[in-house]
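Inspection log for the structure reproduced underneath, given as structure tokens.
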Amino acid sequence: MTKDTLRTIYKAKRMALMPEEKQLLDDEILNGLKSLDLSSVSYLHVYLPIVKWNEYDTYPFIYWLRQHHPAVHIVVSISEFEKGTLQHYVWNKESVVANVWGIPEIIVQPDTVHVDPQAIDLILIPLLVCDRDGNRIGYGKGFYDRFLQGCKTDVQKVGISYFDPMEEQIPADRWDVPLDSLITPTGSIRF
Ligand code: ADP
Ligand code: MG
């Protein structure tokens with residue numbers, strides 16, 4: 001199947017998750033996130049959830065991190081749509097607004113700290129589905145592929161998905177950067 005076909009199928013599958021069912025799955029994903037080894041993680045990148053797309057809500061994990069790993073810097077991004085790139089900043093409970101595409105973003109203040117992608121140790125990556133080699137289907141704009149290209153080689157790339165990896169191989173393109181691991185409601189997988 002092509003990437004576009006898979007995108008359409010898995011977008012629909014995710015949108016079909018009912019709130020009560022999704023809440024149960026979210027609790028399992030949160031357990032998986034809490035089990036991450038953060039001993040060598042100083043800068044941890046998270047996405048802020050796009051609610052209308054039924055994305056996994058990262059806020060409970062963000063608040064858990066704040067409480068249990070206060071030394072970890074939580075990093076979030078702002079999209080530059082013209083270039084298809086992201087700028088990264090330390091999250092510090094700043095107010096969040098939806099940009100014109102409905103993607104939540106912090107409001108950059110004079111004291112908001114910019115983060116170089118090379119400083120990031122672990123990235124939580126949203127996706128629709130991946131295969132058993134960690135090849136990922138994102139939303140089709142390549143934002144994370146560009147982002148990962150500028151990161152250090154040993155950055156931990158952790159996907160979050162409601163769905164187990166597909167048996168069928170995903171047709172990866174030359175710019176695609178595979179995941180190192182995946183957290184789903186049924187457990188964590190290393191590729
Ligand atoms: P996604 O990863 O979001 O599912 P794709 O892998 O299909 O989407 O990539 C979408 C577009 O992004 C492609 O047309 C590709 O040309 C562009 N792209 C991805 N990574 C890069 C990169 N590192 N440099 C330039 N363009 C890129
Ligand atoms: Mg890609």
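A few remarks follow.
- Restricting segment 1-97 to chymotrypsin sites (Phe, Trp or Tyr not before Pro) that sit in a DSSP loop and have at most 16 other Cβ atoms within 10 Å of their own Cβ leaves Phe81.
- Scanning the chain for GluC sites (Glu not before Pro) lying in DSSP loops with no more than 12 further Cβ atoms inside 10 Å, the longest uninterrupted stretch between such sites is 83-166.
- The chain: calculated mean residue ellipticity at 222 nm from DSSP helix runs of at least 4, using -39500 (n - 2.57): -7500 deg cm²/dmol
- Percent of Cα pairs exceeding the 20 Å cut-off, where the set is segment 3-190: 54 percent
- Radius 12 Å from Cβ of Cys130, net charge of other residues (Lys, Arg +1; Asp, Glu -1): -3
- Point-charge dipole on Cβ atoms (K/R +1, D/E -1) for segment 3-190, about Cα centre, debye to 20: 200 debye
- Across the accessible surface of the chain, with the other protein chains kept in place and a 1.4 Å probe, carbon and sulfur atoms take up 53 percent.
- Tally of Lys pairs whose C-alpha atoms are under 14 Å apart, taken over segment 3-190, 8 or more apart or cross-chain: 7
- With protein chains left intact and a 1.4 Å probe, residues in the chain average 51 Å² of accessible area per residue.
- Under the combined filter of DSSP loop state and at most 16 neighbouring Cβ atoms within 10 Å, segment 7-84 retains these trypsin sites (Lys or Arg not before Pro): Lys83.
- Among the trypsin sites (Lys or Arg not before Pro) in segment 89-148, those located in a DSSP loop and surrounded by at most 12 other Cβ atoms within 10 Å of their own Cβ are Lys93, Lys141.
The values are calculated or read from the model by the stated rules, or taken from the named source; none is laboratory data. Keep in mind that what you see is a predicted model, and the values were worked out from it rather than measured. Because the Cβ atoms are built from the backbone with ideal geometry, glycine has one as well, and the counts that use them run over all protein chains shown. Side chains included, ligands, DNA and RNA excluded: accessible areas come from the protein's heavy atoms. Shrake-Rupley method; radii C 1.70, N 1.55, O 1.52, S 1.80 Å.
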